[in-house]
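Below: one structure, written as structure tokens.
The values are calculated or read from the model by the stated rules, or taken from the named source; none is laboratory data. None of these values were measured; they are calculated from a predicted model. Neighbour counts are summed over all protein chains in view; Cβ atoms, including those assigned to glycine, are modelled from backbone coordinates with ideal geometry. To get the accessible areas, we keep the full protein, side chains included, count just its heavy atoms, and leave off ligands, DNA and RNA. Shrake-Rupley method; radii C 1.70, N 1.55, O 1.52, S 1.80 Å.
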Amino acid sequence: MKVMIIVTHLLGTGHLSRALTLGKAFERAGHETFIVSGGMPAPQLDSTDISLFGLSPLRSVGTDFTRLLTANGDIADAAYLKARETALVKAVESFAPDVLITELFPFGRRSLATEFIAALEAARTLPHRPTILGSIRDILAPPSKESKAQRTEEIVLRYYDGILVHADQDVVPLDVSWPVTDRLRKRLFYTGFVAPEAPVPHPDAVGKGEVLVSAGGGSVGQPIFRVAIEAARKMPNRRWRMLVGGQDARQRIADLQNDVGDAPVTLEPVRSDFRQMLPLAAASVSMCGYNTALDILQSGTPAVFIPFDDGKEVEQTLRGTSLAGLSAIELLPSNELDGSALARAVEAVILHGPRPVSATGFDGADRSVEIAVKLRSQA
């Protein structure tokens, strides 16, 4: 079976990370997999053994997903977007997938609806129409208008054979963040949570006993890093390692270095072995994106979550609230963030950790493969 996954990450790299995890699951099951990525390169993510094609990349200006930039920081004009659309349609036509999966769209990426719809139309006119599936995380950004939810449902009913919801329905039903009608509910397939295999401790013990501070792979989280430097100064006997993401990571690190002084802080770009560092860490400080939350649950590392809430984003706050009742997890809203508060939260989770690790519930990628194969067989 030939499987194509289309994904564009605009701010962080979580969507691409999840697409790669899905792609590897299809590859393990013996299916030829092709991922088309429309976001900025993310070399820290492991794409080994995956066929990955990059469209001319786009990124957002913070959480303004309607104002898209090229890799050089220029506004993406109509010609640039048309070239992406043409390349995407050609990729669909040349690969001719048996299963086509779109990450997030149509529940998000509405600013890229033209290219996604063009790809879906191209798929529908192939000699053998593929099974078309959506791929969405546990919690979505709720639609700001009823018309947006209605338009999403129209697209689902017109083009899609199913929507893979990467969550446990008994833990986080999609209804928590999205208005699910009876018609839409019939297209939903809950897969469980999509995560790589549980991280094993770093062979070189990197990160052992440290507080790991991260903010994903995008150019966000600078206020968290600045406050973490203040918190580290209040805990002089504990080293804090801060992993800074984004294409401008080097410049961001240089800016932060001016604040470090004698604080016990190591600053460096995001690392591909981050997950291996987690099991050995004393604590983690991070936002609460889908992939990060699963990393924490799989590793058992004590954690302080500072949900990303710029631009009225509520997804991470909802997720963090659902996890805050677990042992050795603290939720620190951004409006309460300062050095003292963060230091207290880190000390508290270290005192209560580590947390028992569950080995079940993270096989959503394999379940997604099973569901796709079943739906394809019924086509």
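3J(HN,Hα) along region 276-285, derived from phi through the Karplus expression 6.51 cos²θ - 1.76 cosθ + 1.60 where θ = phi - 60°, amounts to 6, 6, 4, x, 9, 6, 6, 6, 10, 10 Hz, with x in place of Gly and Pro. Quick one: go through region 134-169 and flag any residue whose amide nitrogen is under 20 Å from the point 7 Å out along the Cα-to-Cβ line of Thr360. Flagged as within label range: 166-169. Relative to the longest principal axis of the Cα atoms of the chain, the long axis of helix 113-124 makes an angle of roughly 50 degrees. Largest first, the extents of the alpha carbon coordinates of region 40-92 on the three principal axes equal 33, 27, 17 Å.
Could you order the peptides 256-267, 16-27, 240-251, 67-78 from most to least packed, using the average number of other C-beta atoms within 10 Å per residue?
Details: 256-267: 14.7, 16-27: 24.2, 240-251: 19.7, 67-78: 12.2.
With the highest mean Cβ count within 10 Å placed first, the list reads 16-27, 240-251, 256-267, 67-78.
Among the GluC sites (Glu not before Pro) found in region 94-203, those both in a DSSP coil and sparsely packed, with 13 or fewer other Cβ atoms within 10 Å of their Cβ, are Glu197.
With the convex hull built on the Cα atoms of the chain, state its orientation-averaged projected area in nm². Don't skip to the answer; put the middle values down first.
On the way: hull surface 72.3 nm².
Projected area, direction-averaged: 18.1 nm².
Summarising the amide proton neighbourhood of Val304: residues at separation of 5 or more, or on other chains, whose placed amide H is nearer than 5 Å comprise Ser284, Val285, Ser286, Glu330.
With a/c under 1.5 counting as rounded, go ahead and sort region 244-361 into rounded, prolate or oblate using the C-alpha gyration tensor (a ≥ b ≥ c being the square roots of the eigenvalues; past the cut-off, prolate if a/b is larger than b/c, else oblate).
It comes out rounded by the Cα gyration axes.
For the chain, the longest principal axis of the Cα atoms and the long axis of helix 364-377 meet at an angle of about 0 degrees.
Largest first, how would Arg355, Arg110 line up by accessible area (1.4 Å probe)?
Details: Arg355 20, Arg110 100 Å².
Per-residue accessible area, sorted high to low, gives Arg110, Arg355.
For Thr48, what is the net charge nearby, where nearby means another residue's Cβ is under 11 Å from its Cβ and Lys, Arg count +1, Asp, Glu -1? Mind showing how you got there, number by number?
Details: positive: Lys24; negative: Glu27, Asp46, Asp49.
Result for the neighbourhood of Thr48: -2.
For the listed peptides 132-144, 163-175, 293-305, 82-94, a ranking on the average number of other beta carbons within 10 Å per residue, highest first, reads 293-305, 132-144, 163-175, 82-94.
Computed over protein heavy atoms with a 1.4 angstrom probe, the accessible surface ordering of Tyr190, Tyr160, largest first, is Tyr190, Tyr160.
By accessible area, using a 1.4 Å probe on protein heavy atoms only, region 74-221 has 52% of its surface on carbon and sulfur. With every protein chain left in place, what is the accessible area per residue of the chain in square angstrom, probe 1.4 Å? Per residue, the chain has an accessible area of 43 Å². Applying the Karplus relation 6.51 cos²θ - 1.76 cosθ + 1.60 with θ = phi - 60° to region 164-169 yields 3J(HN,Hα) values of 7, 9, 7, 7, 9, 4 Hz, where x marks Gly and Pro.
Helices in the chain, meaning DSSP H runs of at least 4 residues, each add -39500 (n - 2.57). Divided by all residues, the mean residue ellipticity at 222 nm is -11000 deg cm²/dmol. Need one word for region 1-131: rounded, prolate or oblate. Basis is the Cα gyration tensor (sqrt eigenvalues a ≥ b ≥ c); a/c below 1.5 gives rounded, then a/b vs b/c decides. Oblate, since a/c reaches 1.5 and b/c is not below a/b. Of all DSSP beta bridges confined to the chain, the antiparallel ones make up roughly 10%. Derived scalar couplings between HN and Hα for region 206-213 equal 5, x, 4, x, 8, 9, 8, 10 Hz in order, rounded to whole Hz, by the Karplus curve 6.51 cos²θ - 1.76 cosθ + 1.60 (θ = phi - 60°), x for Gly and Pro. Modelled spin labels at Thr114 and Gln169, positioned 7 Å past Cα toward Cβ, are 3.8 nm from each other. To the nearest ten degrees, helix 290-299 and the longest principal axis of the Cα atoms of the chain are 60 degrees apart. A Förster radius of 51 Å, combined with the Cβ-Cβ distance separating Ser147 from Asp204, puts the computed FRET efficiency at roughly 0.45.
Across the accessible surface of region 225-372, with the other protein chains kept in place and a 1.4 Å probe, carbon and sulfur atoms take up 48 percent. Taking every lysine pair in the chain that is 8 or more places apart or spans two chains, those with Cα atoms closer than 15 Å amount to 4.
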